[in-house]
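**Q** Let me give you the structure first, and then I'll get to my questions.
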Amino acid sequence: MVANITTDTEDAVHLSRHFLRLQAHHVAVLPGPLPGPADANGMTTSYKLFAVGAWVEDVQEEHLAVMALVVTSGPEGVARVEPQRLASWRHPGPVTALQVADLGRGEVCIFSGGGGGALCRLQLAMPLAPGATPSDIQLRGGGFEGADLLVAAQLHRGPLSGISVQSDSRLVATCGLDGRIFVLPVLGDLSAHMEEPLVDSGPSTSYWAIAWSSPQTFVTAGTTGGLEVWDRRGGKPVARSPMSWGATGFAELDLAQGTARRISSVAVHPGRPHLAATGSSDGCVAVWDLRFRNPPARAALDDPSAGDVRKVQFDASEAAAGGGAGGGCLLFCTEGGFLAMASPAFDDGSSAQQERGGAGGAAWRAEVLWREPAAAMLAFDAEQDQGRDLMASTDQECLVYISR
């Protein structure tokens, strides 16, 4: 299915769905080259590159794959989109986390976590010249042997649940269901740093998500509820959200439903490191001020079938368009098949609170961008420079591509 849709603001939105022949549980957009010049008919070709951690039913194996959408556009918008699988490696167990590190000058690392606690790393040199093609991508530094992806470091005693990369300090942080947190260099021999975790909270604690908020600090969500802020130079939290705000920021629901509700995803605002977004149960998202002066702003999908949030991230397209003075907007996907957006809702139309840059316990509104019919939305990602391209995967081996 390919469709170019005109919105109320007269902006063209392209949406297409593509059968991938794999079930992608995690999706991460890769930086790619700009399109080359248009041909005689005014058509241009661009390559939207991405990585997936997926179950491949045909061979009954878990894989890490690098893929591309070949997008042909003309004066009337997107004319054709064709998916390509560029390379694929067997992964050591299910892919439980996936993160891309753009280190600049075309240097890219793909990190994946496994159900057995392993961290894998794939190093790529991406082409930068306009008009370059995927055939110009170079694999660097090993990371694989034949068709198998190699384990860079065996870190956790059980599933590795979260990965976050700090590009400025070139550090990668991981968390696991074993209550351990590791901080390692992005490059070099990772196995040399795996003996001692930064944090070992013991088997009674599990961490579900992790995200860097600065070159020195990161935020986690786990069985303790709410959010914890850590300094990598120490082994204890330096700040913690009040318990009265609830385990997910929805105190009333958290109290009523107890441990059934939890935070599943954390993201930090790229321009305002004191703001973090979380996704949790029942289509609920929240924006937290990590100084914890006010309760988080909250939004939820008004649909009982929304399902749990699989991933949340701040919308880069709003900042690129000149917005984002405060909390900005969120993008998130849910197990109920929803790809949605949350944004501040002001009764008087003002943006005073957004200008102050705080979450402040305000009510946000959630709106549906797309609902996948009869399928769960497993993952999504958006390119970070402009945020115009979104890719979302479903449990029916489908990829939804949206160009805004």
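The values are calculated or read from the model by the stated rules, or taken from the named source; none is laboratory data. Bear in mind that the values here come from a model prediction, so they are computed numbers and not experimental data. Note that each Cβ is placed from the backbone with ideal geometry, even for glycine, and that neighbours are counted across all protein chains shown. Surface accessibility is based on the protein's heavy atoms, side chains included, excluding ligands, DNA and RNA. Shrake-Rupley method; radii C 1.70, N 1.55, O 1.52, S 1.80 Å.
**Q** Provide, for q = 0.14, 0.16, 0.19, 0.22 Å⁻¹, the log10 of I(q)/I(0) from a solvent-free Debye sum over equal Cα point scatterers in the stretch 76-141.
**A** Each listed q maps to, in turn, -0.57, -0.70, -0.89, -1.04.
**Q** Could you tell me which residue out of Ala192, Pro159, Gly141 lies farthest along the dipole of the stretch 141-205 toward its positive end? Charges go on the beta carbon: Lys and Arg +1, Asp and Glu -1, centred on the Cα centre.
**A** Value computed over the given set: Pro159.
**Q** Specify the inter-centroid distance of the stretch 296-314 and the stretch 128-207, based on alpha-carbon positions, in whole Å.
**A** The stretch 296-314 and the stretch 128-207 have Cα centres spaced 28 Å from each other.
**Q** Give me the net charge for the shell around Asp58: Cβ to Cβ below 11 angstrom, other residues only, Lys and Arg +1, Asp and Glu -1.
**A** Charge balance near Asp58 sits at -2.
**Q** What does the stretch 148-272 give for Rg and for Dmax, in Å, if only its C-alpha atoms count?
**A** 14.9, 48
**Q** Oh, and also: Sum up the charges of everything whose Cβ sits under 15 Å from the Cβ of Asp303, counting Lys and Arg as +1 and Asp and Glu as -1, but leave Asp303 out.
**A** -4
**Q** Report the gain in length on full extension from Ala239 to Ala260: 0.36 nm times residue separation, minus Cα-Cα distance, nm rounded to one decimal.
**A** Length gained, Ala239 through Ala260: 5.1 nm.
**Q** Still on this model: Of all accessible surface on the chain at a 1.4 Å probe, what whole percent is carbon and sulfur?
**A** 49
**Q** Could you do me a favour and compute the accessible area per residue for the chain, 1.4 Å probe, result in Å²?
**A** Dividing the accessible area of the chain by its residue count gives 43 Å².
**Q** Let me ask something else about it. How large is Rg over Rh for the stretch 217-257, taking Rg from the Cα atoms and Rh as the Kirkwood inverse mean of 1/r across Cα pairs?
**A** Values: Rg = 11.4 Å, Rh = 10.8 Å.
Radius of gyration over Kirkwood radius for the stretch 217-257 works out to 1.06.
**Q** Could you tell me what fraction of 2.2 N^0.38 Å the Cα radius of gyration of the stretch 186-248 comes to, as a two-decimal ratio?
**A** 1.23
**Q** Now, a different point. So, taking all protein chains as they sit and a 1.4 Å probe, how much accessible area belongs to Thr259, in Å² rounded to tens?
**A** 140
**Q** If contacts are Cα pairs under 8 angstrom and at least 6 residues apart, what is the relative contact order of the chain in percent?
**A** 12
**Q** Answer with one residue from Pro304, Met391, Ala239: the one whose Cα lies farthest towards the positive end of the charge dipole of the chain, charges on Cβ with Lys, Arg +1 and Asp, Glu -1.
**A** Result: Ala239.
**Q** Assign unit charges at the C-beta atoms only (+1 for Lys and Arg, -1 for Asp and Glu), then state the dipole size of the chain relative to its Cα centre in Debye, rounded to the nearest 20.
**A** 880
**Q** I would also like to ask the following. Along the positive direction of the dipole of the chain (beta-carbon charges: Lys, Arg +1; Asp, Glu -1; about the Cα centre), which of Ala340, Val70, Trp89 reaches farthest?
**A** It is Trp89.
**Q** Still on this structure: Going from most exposed to least, what order do Tyr47, Tyr207 have by accessible area with a 1.4 Å probe? Intermediate values should be presented prior to the final figure.
**A** Numbers: Tyr47 50, Tyr207 5 Å².
My answer, sorted largest first, is Tyr47, Tyr207.
**Q** Given the stretch 1-125, report the % of alpha carbon pairs whose separation exceeds 26 Å. Write down the numbers at each step before the final one.
**A** Working: 2547 of 7750 pairs.
Here the tail beyond 26 Å accounts for 33 percent of pairs.
**Q** For His269, His193, His274, give me the order by solvent-accessible area with a 1.4 Å probe, most accessible first, ignoring ligands, DNA and RNA. Write out the running numbers ahead of the final one.
**A** Details: His269 25, His193 90, His274 45 Å².
Largest to smallest exposure gives the sequence His193, His274, His269.
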